[in-house]
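These notes concern the structure reproduced below.
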Amino acid sequence: MGHFDENGVYVPRSITEDDLGGGSFEDAMAGTIVEFEDGDLVEGTVVKIDRDEVLLDIGFKSEGVIPVRELSIRNDVDPDEIVSLGEAVEALVLQKEDKEGRLILSKKRAQYERAWGTIEKLKEADEVVTGPVIEVVKGGLIVDIGLRGFLPASLVELRRVRELQPYVGRTIEAKIIELDRNRNNVVLSRRAWLEETQKEQRGEFLVNLKPGERRRGVVSSVVNFGAFVDLGGMDGLVHVSELSWKHVDHPSSVVSVGDEIDVEVLDVDLSKERISLSLKATQTDPWQEFANSHQVGELVYGRITKLVPFGSFVQVADHRPQPRPVAGATWSVRSQTLLLSER
């Protein structure tokens, strides 16, 4: 091969008398030229970079040419951003000679050949591939994994995303779910990788979560039967019966989405990956508080909140109504007020 002079100009190798070794010029030339076939992988040195092509010195009778479209798996690239003068580059022979006698090469196809072997091994081992998102296309993203991997929009996140442009430039991890070398087709799923990763994280989180622990979390959703609280790794359920010591008509009367609250872990179901929480367990038991501040036989004032066949409910102070048996009471109506008197 030739060399670059002190001004950075490439100088092709010249045949000298020393190369002849007593033989003919033709023999010396033949000894310096390597024969190539279509599909061969060759290595050469970048000797010239133009807007439309890159020239490689590969020891052939003329330089090899890489058209700009064969430089990279990315579209519309600037050759100067892909290669530099003097850089060693591997390329695949596309055409032995064009009409000008030049070897037509592809850096992109050589990259494909190397990448396919790696990708097939990763798929067989169910491993993860990593690469930058280089393009938004119809229906998804293109990821550079040594070749163009297609990531459908529905498999980018755990939930479908509408705006894909922000992912361009990001390096992501994904699982290979389809592979067809004949069609040069690779389909990826980042969602599968996220699900696998989160499953491992959930398992570790649940193992370290113990009943009786108190954790701080954020209310992530409110439903008719309770509220879900994000504990920083998983959501746990505070059933409506565990929201307050008072009667709760609807969970939204106690908590709202975004509220930061302290909860106590009641139960952890490892097999079903469920966490039961309690908000009222972190609060003072009003019945215990009432018992500590009153004596048996003490007269207290209350408000009748409900009459039922077996008695009545009387609210004392700000606590939950306490049932009182009907056998121990007589009733009279006075000014639309129900009065309870001892016999």
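Nothing in this text is a laboratory measurement; each read-out follows from the coordinates by a stated rule. Just so we're clear, the structure is a prediction, and the values are computed from it rather than from any experiment. Positions of Cβ are backbone-derived with ideal geometry, glycine not excepted, and every protein chain shown enters the neighbour counts.
Taken over segment 90-239, the ratio of Cα radius of gyration to 2.2 N^0.38 Å equals 1.50. Each 10 Å bin from zero up to the one holding the largest Cα-Cα distance in segment 186-309 carries the following percent of pairs: 11, 32, 26, 17, 8, 3, 1, 0, 0. Would you please classify the overall shape of segment 75-138 from the alpha carbon gyration tensor, given that a ≥ b ≥ c denote the square roots of the eigenvalues, rounded means a/c under 1.5, and beyond that prolate means a/b larger than b/c while oblate covers the rest? Because a/c hits 1.5 or more and a/b exceeds b/c, segment 75-138 counts as prolate. Rg and Dmax over the alpha-carbon atoms of segment 126-195 stand at 10.9, 32 Å. Expressed in units of 2.2 N^0.38 Å, where N is the residue count, the Cα radius of gyration of segment 156-251 is 1.58. Taking a straight Cα-Cα cut-off under 24 Å and skipping sequence neighbours fewer than 8 places away in the same chain, the lysines within cross-link reach of LYS246 are LYS280, LYS306.
Kindly give the semi-axes, whole Å and largest first, of the ellipsoid equivalent to segment 209-282, taking each as the square root of 5 times a Cα gyration tensor eigenvalue.
Details: eigenvalues 66, 31, 26 Å².
Sorted largest first and rounded, they come to 18, 13, 11 Å.
The modelled label-to-label distance between SER84 and THR282, using points 7 Å beyond Cα along the C-beta direction, is 5.6 nm. Computed 3J(HN,Hα) for segment 142-153, one whole-Hz value per residue from the Karplus formula 6.51 cos²θ - 1.76 cosθ + 1.60 where θ = phi - 60°, is 10, 10, 7, 10, x, 8, 8, x, 9, 10, x, 4, glycine and proline marked x.
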